[in-house]
Amino acid sequence: MTAQSRAARTPTAQPSQSRVAPAPQVGVVHPKRATVPMTIPLTANISSLRSAVIYTKTAGYLREVRVRPGDRVTAGQVVATVDHAQLDAQVAQAQATLKAAQSGVQTAQVAVATARAQALNAQAALASARANLGSAQAGVAKAQATLANAQETQRRTADLVRQGAEAQQNLDDATAQAQTAQADSQLAAAVQQVASATSQVNTQQAQVANQQAALRNAQIAVADATIAAPFDGIVVSRSLDPGAYVTPGTSTPILQIADLDQIDVLVNVTEVQMTLLRVGAPVQIHVDAYPDRIFQGQVSRIAGGIDPMTRTVQAEIDIPNPGHLLRPGMYATVSLAAGEDANVLVIPLAALVSVGDQHAVWVVTDNVAHQRPVAVGRAVGDQVEVTAGLSDGDLVVAQGVDLVRDGQRVQGVPVGL
């Protein structure tokens, strides 16, 4: 091949041209001042406003348990029974003992009536004896008058008459006194019998009262063997089955029933946060079971004292639960409204560049982007509070942050905040 032909095949050299990439177009905004609601983030446990752990009130073997977890129950519905054959026998025995005690009262009352009749008879005898004593005393006076008259007519005869009259009168007087003493003794004995019979009546009546109480206790024990739901609700758990032996105060309940129409959320608030807490404050509740749903409630009660162990105060939040989506025992996160904070500097949440716990934004100056560290506070919706690192006049990249490098020129297009 000739040099001429090689020259013809050699490509002509072209002058080099440097290509510069165009500046990326990004959305920019100025930080603005806004009023930000203050919230307290808390963790909480969900419980039922009305919940009952069902235990037995009487000892025995479970005869039946009529419900299972998930079953709805109504107030007064029988949910379990304890075998009460032995309790029925105790009721029958108490009834028989009570009947015997009541019969003893009647017998004692008859004895009181008899003693009172005897006392009346003794009183009548005493009155008669006292009358005889009066007659005897009157006879003495008459004999003394007769004696005086006889002394005037014939002393000797009068002596004899006097001696005979006195002897007879003494006999009559002694007889009357003996009758009076005997009547007094009979009356005292009759009064003592009345007192004794009355005491016996009181004793028998006390026994009747005791037996009535024993019968009532036995009847209550029989009634307690039938266990009913205390209110409308749903069976949350069942721990025992028929055949289990149960006693009052046992550590294992039979059932747990909860009212799911009204749910209660318990939160513990620190002493510092307590100053921001008020009854009626709105609350948002999130649960893992429904990540896309927010449940609304409000603070209903605040405890009157602080727990000395945790230095927190307990607050209760009532939540309507018409669909029974929330269940006792669920774990929840709570956002508690605690007023508002005015004149807060905010930027779009999309403008924030975060690496771990470090935060920064792209600030545009003379169409050049530089990364600047910032300190952030509360996030509200699609905005975030900036507590340090920015001022109102800064221009911040809010859209296209992934296209920016430090020191890079950008084309800033204003976007709304």
>> Cβ-Cβ distance below 8 Å, separation of 6 or more or different chains: which pairs start in region 395-414 with a residue that is of a type in the set (D, E, K, R) and end on one that is open to solvent by 30 Å² or more (accessible area, probe 1.4 Å) and in a loop (DSSP other than H, G, I, E, B)?
In response: ARG409/ALA23; ARG409/ASN367
>> Pull out all pairs, ordered by first then second residue, where Cβ-Cβ is under 7 Å, the residues are six or more apart or on different chains, the first lies in region 304-315 and is touching a residue at least 60 places away in the same chain (Cβ under 8 Å), and the second is open to solvent by less than 50 Å² (accessible area, probe 1.4 Å).
In response: none
>> I'm checking my understanding of the structure. Among residues of region 28-58 that are touching a helix residue (DSSP H, G or I) at 6+ places or on another chain (Cβ under 9 Å) and modelled with pLDDT under 90, which one is farthest from GLY249 (Cα to Cα)?
In response: ILE40
> For region 385-412, what are the residues that are surrounded by 12 or more Cβ atoms within 10 Å (Cβ to Cβ) and in a strand (DSSP E or B)?
Replying inline: GLU385, VAL386, THR387, VAL396, VAL397, ALA398, GLN399, ARG409, GLN411, GLY412
>> Just the residues that are of a type in the set (D, E, K, R) and open to solvent by 70 Å² or more (accessible area, probe 1.4 Å), please, taken from region 338-357.
In response: GLU340, ASP357
>> Which condition from (1) open to solvent by less than 80 Å² (accessible area, probe 1.4 Å); (2) part of a loop (DSSP other than H, G, I, E, B); (3) farther than 17 Å from ILE263 by Cα; (4) in contact (Cβ under 8 Å) with a residue 12 or more places away in the chain is the one that ARG278 breaks?
In response: (1)
> What's the number of the condition VAL246 fails, among (1) surrounded by 15 or more Cβ atoms within 10 Å (Cβ to Cβ); (2) within 26 Å of VAL299 (Cβ to Cβ)?
Replying inline: (2)
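Answer yes if at least one residue in region 297-308 is open to solvent by 80 Å² or more (accessible area, probe 1.4 Å), of a type outside the set (A, V, I, L, M) and either in a strand (DSSP E or B) or under 30 Å from GLY70 (Cβ atoms) (or both), and no otherwise.
yes
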>> Any residue that is closer than 30 Å to MET38 by Cα, at pLDDT 80 or above and either among the aromatic types (Phe, Trp, Tyr) or buried (at least 17 other Cβ atoms within 10 Å of the Cβ) (or both) - is there at least one of those in region 249-264?
In response: yes
>> Condition (residue is open to solvent by 30 Å² or more (accessible area, probe 1.4 Å), over 30 Å from PRO37 (Cβ atoms) and in a loop (DSSP other than H, G, I, E, B)) applied to region 222-234: is it met by at least one residue?
In response: yes
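Each row is one residue, and each column tells you yes or no for (1) at pLDDT 90 or above; (2) surrounded by fewer than 16 Cβ atoms within 10 Å (Cβ to Cβ); (3) touching a Pro at 6+ places or on another chain (Cβ under 7 Å).
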| position | (1), (2), (3) |
| --- | --- |
| ASP318 | no, no, no |
| PRO322 | no, yes, no |
| GLY329 | no, yes, no |
| LEU336 | no, no, no |
| ASP366 | yes, yes, no |
> With (1) assigned to a strand (DSSP E or B); (2) free of Cβ contacts under 8 Å to residues at least 60 places away in the same chain; (3) within 33 Å of the chain's Cα centre (by Cα) as the list, and SER354 as the residue in question, which single condition is left unmet?
Replying inline: (3)
>> I'd like to verify a number: residues in region 207-221 that are open to solvent by less than 60 Å² (accessible area, probe 1.4 Å) and among the basic types (Lys, Arg), how many?
In response: 0
> Wholly within region 20-82, which strands (runs of 3 or more DSSP E) include no fewer than the required count, namely at least 3 residues that are surrounded by 13 or more Cβ atoms within 10 Å (Cβ to Cβ), in contact with a Phe, Trp or Tyr (Cβ under 6 Å, 6 or more places away or on another chain) and in contact (Cβ under 8 Å) with a residue 12 or more places away in the chain?
Replying inline: none
> at pLDDT 65 or above and closer than 23 Å to ASP232 by Cα - does that describe any residue in region 81-89?
Replying inline: yes
> Got at least one residue in region 369-384 being closer than 25 Å to THR39 by Cα, outside any strand (DSSP E or B) and open to solvent by less than 80 Å² (accessible area, probe 1.4 Å)?
Replying inline: yes
>> Out of GLN371, GLN383, GLN411, I need the residue that is at pLDDT 90 or above and either touching a strand residue (DSSP E or B) at 6+ places or on another chain (Cβ under 9 Å) or closer than 15 Å to VAL28 by Cα (or both). Which one?
In response: GLN371
> Using beta carbons and a limit of 9 Å, which pairs, at least six apart or on different chains, have the first residue in region 281-296 and at pLDDT 90 or above and in a strand (DSSP E or B) and the second one open to solvent by 70 Å² or more (accessible area, probe 1.4 Å) and small (Gly, Ala, Ser)?
Replying inline: none
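The values are calculated or read from the model by the stated rules, or taken from the named source; none is laboratory data. What you see is a predicted model, and the numbers here were worked out from it, not measured in a lab. Because the Cβ atoms are built from the backbone with ideal geometry, glycine has one as well, and the counts that use them run over all protein chains shown. Areas reflect the complete protein model, heavy atoms only, side chains present, ligands, DNA and RNA absent. Shrake-Rupley method; radii C 1.70, N 1.55, O 1.52, S 1.80 Å.
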